[in-house]
Amino acid sequence: MTQVVVARRVSRQMVGAIADGAFKVLLGAVCIAGAAPLGRLLGTPDWLMAVSGVALLIGGGVEIGYVRSRSMRTYTRLMVAYDIGWVVAALAGLVLAWQGSGAGGEVWMGYQTVAPLALAAMLFAAAPARTVSD
């Protein structure tokens, strides 16, 4: 009896999506574990660092969890939008910091709190990827 094993090809995009999710999980763990010292460094409250860490853990976990059931086109669009927002939030935080405001870290960490959850919600709501048999 011959058994045929069909393995789904893992594309570069899929590896990228998994790596993106894994980075968010790692960053979330660091934010939670180092909430107090990172909060002091960025000028943010400890609770914001911890909440942001939880949001990153959830967002990264959802990203990894849906990698096989959502289209890579959807992932790519969402990751590009997320990263553009990340750059804008980082630049806004830097501008605020250069102007002497203490809100720069709060802007950046606020984005790190909201954006992963938004990305996770959009992945959850996205249509499942079509399979070869569809």
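Numbers at a glance
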| item | result |
| --- | --- |
| Size-normalised alpha-carbon gyration radius of the chain, reference 2.2 N^0.38 Å | 1.26 |
| Long-range amide H partners of residue 70 with built H, under 5 Å | 129 |
| Size of charge dipole - the chain - debye, nearest 20, with Cβ of Lys, Arg +1 and Asp, Glu -1, no other charges | 560 |
| Residue among 86, 98, 108 with the largest mean-square fluctuation in a Gaussian network model of the chain, springs linking Cα atoms under 10 Å | 98 |
| The chain: DSSP helices with Cα axial extent of at least 27 Å and average Kyte-Doolittle hydropathy no lower than -1.0 | 12-33, 46-65, 72-98, 104-125 |
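Every number here is computed from the coordinates shown, using simple stated rules; none is lab data. Keep in mind the model is a prediction, meaning the values are calculated, not measured. Don't worry about glycine lacking a Cβ; one is built from the backbone with ideal geometry, like all the others, and counts go over all protein chains shown.
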